[in-house]
């Protein structure tokens, strides 16, 4: 279960409890606050973990970028030495690394976006939680008053309506944030591998074009 599913479940479960005539609204709201505080702590720890993943992927992309330049430099060196075959092999290796670099860059961008989205969601949740803490006494009184007049359900006060709105925001964010889960998705890994193979097998023309461009550059230099 994702952190957003947990958070959403906590909010909805406690809101539903307010409609139960046997439940004390004050205790329900106190428990809601405790549960949300616990989930926020877990979410902050998850953010630290995701931040580490984002940094690791960013470093990997940078390493691939450096390797790309190294293989091009080797191709140039081979051409200057008159070994066109070796230069071609170097450019083939560059194409392989290029596919890995582009994949790592996409993953790094997705991970960084996920971290930013999570940080935003945590901030919003903290604001709503503080609002709930400030209003829980009033909200509990609203529930008791509604029950005494025979009106069922939870109150429509700003504190709880804000939390209900937040669960809708969580629904939206869940799809966006959990997109970062493709980093460890075996299906995504298989698709990426197939595209890398396609790029590798169809990359002969790219290598020859790049080789010709390097030769022209050396001739002009």
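Bear in mind these aren't lab numbers, they're just calculated from the coordinates by the rules spelled out. Remember, predicted model here, so these are calculated numbers, not experimental data. Here the Cβ is made from the backbone with ideal geometry for all residues, glycine too, and neighbour counts use every protein chain on show.
If R₀ is 25 angstrom, what is the calculated FRET efficiency for the pair residue 70 and residue 119, using the beta carbon separation as r and rounding to 0.05?
Working: r = 35 Å, r/R0 = 1.42.
So, using R0 = 25 Å, E works out to roughly 0.10.
Grab the Cα-Cα distance for residue 80 and residue 109, subtract it from 0.36 nm times how many residues apart they are, and report the gain in nm with one decimal. If you can, show how the numbers build up before the last one.
On the way: separation 29, 0.36 × 29 = 10.44 nm, distance 3.74 nm.
Fully extending the segment from residue 80 to residue 109 adds 6.7 nm.
Rounded to the nearest 0.05, what FRET efficiency is calculated for residue 127 and residue 55 with R0 set to 22 Å and r the Cβ-Cβ distance? Once rounded, the FRET efficiency stands at 0.20.
Extension gain, residue 27 to residue 138: 0.36 nm times the residue separation minus the Cα-Cα distance gives 38.7 nm.
If I take R0 = 22 Å and measure r between the Cβ atoms of residue 215 and residue 89 in this structure, what FRET efficiency does the formula 1/(1 + (r/R0)^6) give, to the nearest 0.05? List each step's numbers first, then the result.
On the way: r = 15 Å, r/R0 = 0.69.
With a Förster radius of 22 Å, E is 0.90.
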